[in-house]
1. Would you list 26, 59, 35 from fewest to most Cβ contacts within 10 Å?
2. Dipole size in debye (nearest 20) for segment 35-92 around its Cα centre, Lys and Arg Cβ +1, Asp and Glu Cβ -1?
3. Run through the DSSP bridge list for segment 23-108 and note the antiparallel percent, rounded to the nearest 5.
4. Beta carbons within 10 angstrom, averaged per residue: use that to sort the peptides 8-16, 98-106, highest first.
Amino acid sequence: MDYGKFKFDEAQKAKESRRKSQGAGIKEMKYRPKIGPGDFDTKTRLVAKFLDEGHKVKITIMFRGREVFHPELGKRILDRVAETIGEGAKIEADARLDGRNMTMVLAPDKRPKPPKASREADAEPVLNGTAPPSANGATPAPEAAASVTESHHTESNEA
């Protein structure tokens, strides 16, 4: 092996290790005290997704005007988020009021999973106890389809 090839291989290994070492960062999700149920559900679903990917999530409640005199409203929202996420996270930093913002940090409770799209690609579905269709798009065996149609005829005759 020549020296140039050795250097190239070392550079490729270093590049690969840097790519894999990009660990979990910290994401932030901002809520308001008067958040609606739809917005709350959407934001909380995103928080759960970030935690599943292995990121820490900083949840911020932003107070405006006289809302800052009612920190219990913000605390209630943070508690609801933690309760909704459930077992997927642990509270790393409890709710704390910083000026006009109340913050809490959630950390994933387990190690990061691969993104959902790659997990679905790895899993091979099984249809009606038969093998999955081939990669060229062929349909399953005709006997499986026949058993499905026979069961529909049987049900309609009984009724």
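1. Values: 26 11, 59 26, 35 17.
Ordered from fewest to most neighbouring Cβ atoms within 10 Å, 26, 59, 35 come out as 26, 35, 59.
2. On the way: 11 positive and 10 negative charges, 46 e Å.
Dipole magnitude for segment 35-92 comes out near 220 debye.
3. 70 percent
4. 98-106, 8-16
Rule-based calculations on the coordinates, nothing more; no lab input. Note that this is a predicted model, so its numbers are computed, not measured. FYI the Cβ positions are ideal-geometry reconstructions off the backbone, even for glycines, and counts take in every protein chain you see.
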